[in-house]
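Engineer: This structure is in structure tokens; I'll ask about it shortly.
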Amino acid sequence: MFAMPKKLPIRSRIQTVIALLVAPAAPYHDADSAQKNGFDLRTKQPIWPTFVFDQNLTASKRILTHLEEILAFAYVSVGNKSTTETFLLLSISTLRRAGGWRGDVFVITDRVECVPPSATPVVVPPAPASSKRRAEKNERKYGKQFKQRLLQILPLSHQRYVFYMDMDILIGSAVGPFLLKAVDDFEANKAAIALFREGTGINGQNDFEISSTEPKALYHGGVFLVSREATSSACLQHWSVWYTSSSGADQPQLTRSVNAGVCNVSFLHQESYAQPTNDTAGTYGTFNHFTRTGRMIGKHGMLNEHFTLAGEVLLGLDRELARCWWNVSSPLCES
């Protein structure tokens with residue numbers, strides 16, 4: 001079994017790290033952005049600024065070295081639609097730039113060419129062939145299963161923790177203080193998994209003091225922290241049984257796994273998580289979930305003007321590119 005120390009040697013430095021990292025990263029301005037941003041007049045294709053691809057990091061590597069050595073971020077991007085959209089590229093860009101993360105970032109994918117150079121691709125087979133009408137739905141379900149298989153698939157060596165994040169989450173500020181607290185709480189609670197409650201955060205609307213015998217989606221399955229201990233492996237295994245059902249959603253099974261006592265939960269700091277709505281447009285947390293199957297298709301009162309604002313504020317794009325970043329293909333690969 002993977003050995004883990006009783007107490008991580010990071011708490012003594014947390015105040016220093018928070019003092020350095022708690023302020024949001026300053027907007028990135030490329031000296032040649034006027035020439036690099038916008039559109040190629042000949043091809044009519046967007047020209048992306050170089051900072052989207054590089055690792056221009058803001059965190060102090062000297063202080064965060066230990067945390068970055070023991071924790072890796074992970075994404076899943078499988079299927080033609082998922083891989084060719086801009087979300088993966090832009091999420092990793094914000095994690096590196098605004099989040100200041102220098103540690104490992106793994107992407108489970110069936111298309112290596114769609115993974116930016118600032119992350120490490122982990123190749124899986126493509127989804128089994130299906131009819132064109134059902135292809136996207138089947139690919140989405142097929143890709144989701146890898147969330148529960150992270151500890152089996154990722155090439156982990158020195159890392160003790162994996163922090164999974166959906167690719168339609170954009171980072172708004174330094175992740176260091178959040179992660180330090182998340183890991184410390186995880187160990188203090190002897191947790192198998194750390195989660196956000198569903199429907200909470202900056203625009204939270206659910207009351208979780210109620211009791212229910214029939215599981216609803218009470219926990220957010222798109223962001224979680226696990227360790228390489230057997231307890232986390234057992235939790236993910238129990239959660240994974242949803243894939244053999246007819247359901248395309250994995251969150252109800254996550255709630256069942258928690259209620260069954262298989263997944264002992266440590267809760268992540270709720271106010272660090274935001275699901276943008278019309279009422280909260282322009283107010284961003286550390287984790288900002290622009291749900292591809294919800295907000296990005298006009299739900300929750302979200303309009304193009306809100307996405308444009310996010311393009312300018314969160315992504316650091318110029319006005320022209322900010323107006324369309326969600327409607328263009330990834331510059332790394334074609335559909």
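The values are calculated or read from the model by the stated rules, or taken from the named source; none is laboratory data. This structure is a prediction, so every number in the text was calculated from the model and none was measured. All Cβ positions, even for glycine, are placed from backbone atoms using ideal geometry, and neighbour counts span all protein chains on display. Only protein heavy atoms, including side chains, enter the accessible area calculation; ligands, DNA and RNA are left aside. Shrake-Rupley method; radii C 1.70, N 1.55, O 1.52, S 1.80 Å.
Engineer: Can you give me the % of accessible surface on region 61-121 that is carbon or sulfur? Probe 1.4 Å, all protein chains present, nothing else counted.
Structural biologist: 46 percent
Engineer: To continue, here is another question. How much of the accessible area of region 275-335, probe 1.4 Å, is carbon plus sulfur, in whole percent?
Structural biologist: So the carbon and sulfur contribution to the accessible surface is 42 percent.
Engineer: Past 21 Å, Cα to Cα: identify those pairs from Lys81/Lys144; Lys181/Lys299; Lys144/Lys190; Lys147/Lys181, in the order given.
Structural biologist: The answer is Lys181/Lys299; Lys144/Lys190; Lys147/Lys181.
Engineer: Ok, one more. For region 249-314, what is the accessible area per residue in Å², given a 1.4 Å probe and the full set of protein chains?
Structural biologist: Result: 41 Å² per residue.
Engineer: Which FRET efficiency, nearest 0.05, do Ala249 and Gln45 yield, Cβ-Cβ r, R0 35 Å?
Structural biologist: 0.45
Engineer: Counting only protein chains, not ligands or nucleic acids, how are Cys324, Cys235 ordered by accessible area (probe 1.4 Å), most first?
Structural biologist: The residues order as Cys324, Cys235, largest area first.
Engineer: Sorted by packing (mean other beta-carbon atoms within 10 Å per residue), highest first, where do 266-275, 121-130 land?
Structural biologist: For the peptides 266-275, 121-130, the packing ranking is 266-275, 121-130.
Engineer: Excluding Thr291 itself, calculate the net charge of residues whose Cβ lies under 15 Å from the Cβ of Thr291, where each Lys or Arg counts +1 and each Asp or Glu counts -1.
Structural biologist: With Lys, Arg at +1 and Asp, Glu at -1, the net is +1.
Engineer: If you don't mind, another one. Mind ordering 91-97, 190-196 by average Cβ neighbours within 10 Å, highest first?
Structural biologist: 91-97, 190-196
Engineer: Would you kindly derive the ³J(HN,Hα) couplings of region 68-77 from the backbone phi angles with the Karplus curve 6.51 cos²θ - 1.76 cosθ + 1.60 (θ = phi - 60°), listing them in order in whole Hz, with x for Gly and Pro?
Structural biologist: The phi angles translate into 5, 7, 9, 9, 10, 7, 9, 10, 10, 9 Hz.
Engineer: Between Lys299 and Glu320, what length comes free when the chain is fully extended (0.36 nm per residue of separation minus the Cα-Cα distance, one decimal in nm)?
Structural biologist: Gain on extension, Lys299 to Glu320, equals 5.2 nm.
Engineer: Counting Lys and Arg as +1 and Asp and Glu as -1, what is the net charge of the other residues whose Cβ lies under 9 Å from the Cβ of Leu236?
Structural biologist: +2
Engineer: Taking amide H positions as placed in the peptide plane 1.01 Å from N, state which residues far from Ser330 in sequence (5 or more) or on other chains have amide H under 5 Å from it.
Structural biologist: Glu85, Thr86
Engineer: Full extension from Val123 to Asn259: what is 0.36 nm times the residue separation minus their Cα-Cα distance, to one decimal in nm?
Structural biologist: Working it through step by step, the gained length comes to 45.6 nm.
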